[in-house]
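Take a look at the structure below.
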Amino acid sequence: MILDALTVSLPSLASEKLIVRYGLFEQSLPIADIRKYAENQQVSSDLQSFLRYLSPEQQQQLQAALQIKMSLDISAVDKLTDTIVGKQILYFASQAIDRRDQAGVSALRSAIILGAKSPEGLGIVSFLEAYPSSRLVVDLPKALKLVSMSNLFSSDSNEKPKDNLDSSVLSKLAFQYQIFTTQGKQYSGCLFGDSISAGLGNTLGNQNFNFGFNGLSSISLIPQLQSLNDNKVKCQKAIIAIGANDALYGINDELFSKNLQEAIALVRKMNSQEVFLIPAFYSTVAASSNPTLAARLSRVEQINTLINQVAAREKVPVREEDVAPLYENKVLKQNLTTDGVHLNAEGLKIYKGALLQILGK
């Protein structure tokens, strides 16, 4: 097995320190301190000296990122990192890590696979702990340059958001992971949605699969469903929860309605006996005033009108009442969100409960 080869060919060291390098500046952070910060926000003196360079908002984002843990299919991860795209990403990522040997790519692959095998799943901390070296040295300027080149984020924070999943290498890799994991399998329930749905991870049970994806709109949903059909993925029940990004990206009424109707036809080809629609997610009033973060609430309401019209034509239910506890007067409740758009732990709990109710669990 490739995992055995990785563990034999690389040093049997666990990373103990993360070294962040910025020109002549170098900051050493014990990984044990990062874990304590992730688990209970305990801040060591070393970590405190690093955090003071971050704004309160950046510290909040870091803490949120540290909470992300993905329970992944190890076989699919193994295959994914051995694809041409996977190898390309590992190579480019390795350029931001300073090693004295030439094992940068192998070390990253080992850390990803071993991190994914940890009981908590793959996350920042489990990746750092699995990295096969006593020190992980990150060249921050190179790392930031790689992020800007990834197409995952816009290079201009004032640029209007758009669906760029077809041009994002990381997005293509994530879609391929879904294929490797689900190819030829049948699920009781399948969820298709954007970052709100993706935030649930794989918490819906082994018999269900969450195909949610950050940034997904009706435009990128169609090729995702076509690919799943080509790979003979079957779903007895399907939930489609999109629309907020269509509103944000400025997708017109005709195209959205056409795409949603086609999406329903595609999930029916996956043997779905029942199809359910979730209304487009509303944001807070403040978030809706930021055109780089969320659409105007009035536009989300228009999208939901279109969803109801398509649902009536296709004779599928819109389960508005199930997610109603998230809102007050069609505005996302402030106590259920992290940033005015995405759900916090309590919000995700409500959403998960609604989905399981729909799926009959």
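The values are calculated or read from the model by the stated rules, or taken from the named source; none is laboratory data. What you are looking at is a predicted structure, and each value in this text was computed from that prediction instead of being measured. As a convention, Cβ positions derive from the backbone with ideal geometry for all residues, glycine included, and neighbour counts pool all protein chains shown. The area values use the complete protein model at the heavy-atom level, side chains included, leaving out ligands, DNA and RNA. Shrake-Rupley method; radii C 1.70, N 1.55, O 1.52, S 1.80 Å.
Filtering segment 214-225 to residues that are open to solvent by less than 20 Å² (accessible area, probe 1.4 Å), among the hydrophobic types (A, V, I, L, M, F, W, C) and either at pLDDT below 95 or farther than 24 Å from G360 by Cα (or both) leaves L216, L221, I222. Looking at the structure I just gave you, is Q67 within 20 Å of A143 (Cα to Cα), modelled with pLDDT under 90, open to solvent by 80 Å² or more (accessible area, probe 1.4 Å) and within 26 Å of the chain's Cα centre (by Cα)? Judged against the criteria, Q67 is not a match. Checked against (1) buried (at least 24 other Cβ atoms within 10 Å of the Cβ); (2) more than 30 Å from P291 (Cα to Cα); (3) touching a residue at least 60 places away in the same chain (Cβ under 8 Å), L228 meets all criteria but (3). The set of residues in segment 54-86 being touching a Phe, Trp or Tyr at 6+ places or on another chain (Cβ under 6 Å) and either over 27 Å from G205 (Cβ atoms) or of a type outside the set (D, E, K, R) (or both) consists of A76, L80. Count of segment 29-53 residues, restricted to those that are open to solvent by 40 Å² or more (accessible area, probe 1.4 Å) and over 26 Å from N202 (Cα atoms), is 9.
Residues that are open to solvent by 40 Å² or more (accessible area, probe 1.4 Å), more than 22 Å from S28 (Cβ to Cβ), modelled with pLDDT of 80 or more and not in a helix (DSSP H, G or I) occur in segment 120-129; there is at least one. Of the helices (runs of 4 or more DSSP H) lying entirely inside segment 276-361, those containing at least 3 residues that are surrounded by 19 or more Cβ atoms within 10 Å (Cβ to Cβ) are 297-314, 345-358. Considering I240, I196, the condition of being surrounded by 21 or more Cβ atoms within 10 Å (Cβ to Cβ), more than 24 Å from A312 (Cα to Cα) and among the hydrophobic types (A, V, I, L, M, F, W, C) is satisfied by I196 alone.
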